[in-house]
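Student: Take this structure first; my questions come after.
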Amino acid sequence: MTRLTIAETYDRIWPNPWILPLFYILASSLAVVMGITIIYTVIKHFRKDMHIDIQLALFLTVMDTVSGVDFLMAAICNLPPLNIYSSYYNICLVQVITGSTTFIASLVIIGVIALERCLIVVYNIKMKNTYYWLMISICVIIPLFNSILVISTDSIGLMSSGVFCHYDIQTYYGVVAYIIMLTLSAIAISTLVFSYTKIVLFRYHHSQTQQIELGMDPEKVRIETRRTTIKLMSILIINVGTNIPYVIAQIMGLFDNSYFNPKVAFFVIPWCGLNVFGIRVYF
């Protein structure tokens, strides 16, 4: 199959090139405002006594906010009157570094946060903060490596949905980058599901123990357990629900890129935009 240019991909956007950019302008603007508000509030109230869970969540919020800014700029660049990526390839390169790196890093960092909570709550294991920041570094370095890989091998293209420049699945190194990204994402999502499920089950069992052995108020214990369950399940559902459609579509596209066509992309890509709201539930 002949490799499509950015301009050719743009011309094939379905149903038209207006809808997704306008959606991302709205969603990203909201996400950026929320992100800045959370960052300011957390720094103001927790600056002197910020435990590792808050530090990690704050870092994730920063990454999500940067992603939001990048999504906003990408959406503006893709509006039909501008269509900047078709004319200025270098801007497309910048968008891959800033957008793909921060978005993918955000996707996998949530796995580290879930792991930290699980170790503390379920297993009473408190690791040194250094180990968590080492994991965070890996979560950022691998997507950055991917971006450098596709840029240096000319393996970048406009996604079939428009809006974003990303790894080009029509190239060998673009496929390699996708496999690395999907593997990393699978590890993060699996960690998230395992950790939060363990916490919910532990809380439920612990609440029964509190009622029987400690004679605590059953209603109060139930309310606290329910609150924790709702919070953790909300984070889990938002993160898994907003990423799974994209991941499945991309896996299918690896075998035959015609599966990730403009119509499929139109219904899948908006879910990724909603992912930047996931960490808001944590706070």
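Student: Checking residue 18 against (1) of a type in the set (A, V, I, L, M, F, W, C); (2) modelled with pLDDT of 90 or more; (3) more than 26 Å from residue 157 (Cα to Cα), only one condition comes out false. Which one?
Tutor: Condition (3) is where residue 18 drops out.
Student: If we keep just the residues of the stretch 34-50 that are under 18 Å from residue 65 (Cα atoms) and over 18 Å from the mean Cα position of the chain (by Cα), which is surrounded by the fewest Cβ atoms within 10 Å (Cβ to Cβ)?
Tutor: 44
Student: In the list 24, 40, which residue meets the criterion of being closer than 17 Å to residue 103 by Cβ and out of contact with any Cys (no Cβ under 9 Å at 6 or more places or on another chain)?
Tutor: 24
Student: To continue, here is another question. Do we have residue 31 as surrounded by fewer than 18 Cβ atoms within 10 Å (Cβ to Cβ), closer than 25 Å to residue 80 by Cα and in contact with a helix residue (DSSP H, G or I) (Cβ under 6 Å, 6 or more places away or on another chain) here?
Tutor: no
For every residue, the table says whether it meets (1) among the basic types (Lys, Arg); (2) over 16 Å from the mean Cα position of the chain (by Cα); (3) within 18 Å of residue 64 (Cβ to Cβ).
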| residue | (1), (2), (3) |
| --- | --- |
| 85 | no, yes, no |
| 89 | no, yes, no |
| 92 | no, yes, no |
| 113 | no, no, yes |
| 128 | yes, yes, no |
| 149 | no, yes, no |
| 153 | no, yes, no |
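Student: Considering each of 55, 95 in turn, give the residue that is in contact (Cβ under 8 Å) with a residue 40 or more places away in the chain and crowded, with 20+ Cβ neighbours inside 10 Å.
Tutor: Matching residue, one of 55, 95: 95.
Every residue, every condition in (1) of a type in the set (A, V, I, L, M, F, W, C); (2) closer than 27 Å to residue 82 by Cβ; (3) touching a residue at least 24 places away in the same chain (Cβ under 8 Å); (4) crowded, with 17+ Cβ neighbours inside 10 Å, yes or no:
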site	(1), (2), (3), (4)
112	yes, no, yes, yes
128	no, no, no, no
147	no, yes, yes, yes
153	no, no, no, no
156	yes, yes, yes, yes
159	yes, yes, yes, yes
163	yes, yes, yes, yes
172	no, no, no, no
178	no, no, yes, yes
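Student: Continuing with this model, one more query. Taking the stated definitions as given, is residue 241 buried (at least 17 other Cβ atoms within 10 Å of the Cβ), out of contact with any His (no Cβ under 7 Å at 6 or more places or on another chain) and of a type in the set (Gly, Ala, Ser)?
Tutor: Working: buried (at least 17 other Cβ atoms within 10 Å of the Cβ): no; out of contact with any His (no Cβ under 7 Å at 6 or more places or on another chain): yes; of a type in the set (Gly, Ala, Ser): yes.
It is false that residue 241 is buried (at least 17 other Cβ atoms within 10 Å of the Cβ), out of contact with any His (no Cβ under 7 Å at 6 or more places or on another chain) and of a type in the set (Gly, Ala, Ser).
Student: Still on this structure: Give all pairs with beta carbons closer than 6 Å in which a residue from the stretch 6-18 that is farther than 19 Å from residue 91 by Cα meets a residue that is charged (D, E, K, R); count only pairs at least 6 apart in sequence or on separate chains.
Tutor: 14/263
Student: Just checking, does the stretch 83-102 include any residue being within 22 Å of residue 157 (Cβ to Cβ), in contact with a His (Cβ under 7 Å, 6 or more places away or on another chain) and assigned to a helix (DSSP H, G or I)?
Tutor: Taking the stretch 83-102 first, the residues within 22 Å of residue 157 (Cβ to Cβ) are 83-102.
Next, only the ones that are in contact with a His (Cβ under 7 Å, 6 or more places away or on another chain) stay: 96, 100.
Pick out the ones that are also assigned to a helix (DSSP H, G or I) and you get 96, 100.
Checking the stretch 83-102: at least one residue is within 22 Å of residue 157 (Cβ to Cβ), in contact with a His (Cβ under 7 Å, 6 or more places away or on another chain) and assigned to a helix (DSSP H, G or I).
Student: Let me ask something else about it. Does residue 107 fit the bill of being in contact with a helix residue (DSSP H, G or I) (Cβ under 7 Å, 6 or more places away or on another chain), modelled with pLDDT under 90, among the aliphatic types (A, V, I, L, M) and assigned to a helix (DSSP H, G or I)? Give the steps one after another, and end with the answer.
Tutor: Numbers: in contact with a helix residue (DSSP H, G or I) (Cβ under 7 Å, 6 or more places away or on another chain): yes; modelled with pLDDT under 90: yes; among the aliphatic types (A, V, I, L, M): yes; assigned to a helix (DSSP H, G or I): yes.
Yes: the conditions hold for residue 107.
The values are calculated or read from the model by the stated rules, or taken from the named source; none is laboratory data. What you are looking at is a predicted structure, and each value in this text was computed from that prediction instead of being measured. Cβ sites come from the backbone with ideal geometry, for glycine too, and all protein chains shown count toward neighbours.
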